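The values are calculated or read from the model by the stated rules, or taken from the named source; none is laboratory data. Since the model is a prediction, treat every value here as computed from it, not as a measurement. Cβ sites come from the backbone with ideal geometry, for glycine too, and all protein chains shown count toward neighbours. Heavy atoms of the whole protein, side chains included, go into the accessibility calculation; ligands, DNA and RNA do not. Shrake-Rupley method; radii C 1.70, N 1.55, O 1.52, S 1.80 Å.
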Amino acid sequence: FRYYPNIAFRMKMGLVLLAGLNVLWFHLAVFPKTIKMSAEEKANNVAKIVAILSLLIWFAVIVLGRMIPYVEE
């Protein structure tokens, strides 16, 4: 309850939820297709989008976590 009024905390928690949905999307839709690929094949565009999205989301989670002490209501 202490951090909830902080906008950086709420944005961080929203992004953590979004990261969880991204993992769910990966495991249900992307991973079954990529596991069937041979070693010579390149990853499809959807797999690349999921990977880039994951990196960006977690980077934003780290940045917002560092901003919590500096952002007021």
Original post:
For residue 6, are the conditions met, namely being surrounded by 12 or more Cβ atoms within 10 Å (Cβ to Cβ) and either in contact with a Ser or Thr (Cβ under 9 Å, 6 or more places away or on another chain) or over 18 Å from residue 64 (Cα atoms) (or both)?
Top reply: no
Subject >> residue 36 being of a type in the set (D, E, K, R), surrounded by fewer than 11 Cβ atoms within 10 Å (Cβ to Cβ) and without any contact (Cβ under 8 Å) to a residue 40 or more places away in the chain >> reply: yes
Subject >> All positions within the range 51-73 that are of a type in the set (A, V, I, L, M, F, W, C) and part of a loop (DSSP other than H, G, I, E, B) >> reply: 71
Original post:
Is the range 53-62 home to any residue that is open to solvent by 80 Å² or more (accessible area, probe 1.4 Å), modelled with pLDDT of 95 or more and more than 24 Å from residue 5 (Cα to Cα)?
Top reply: yes
**OP:** All but one of (1) farther than 15 Å from residue 16 by Cβ; (2) part of a helix (DSSP H, G or I); (3) open to solvent by less than 80 Å² (accessible area, probe 1.4 Å) hold for residue 48, so report the exception by its number.
**Re:** (3)
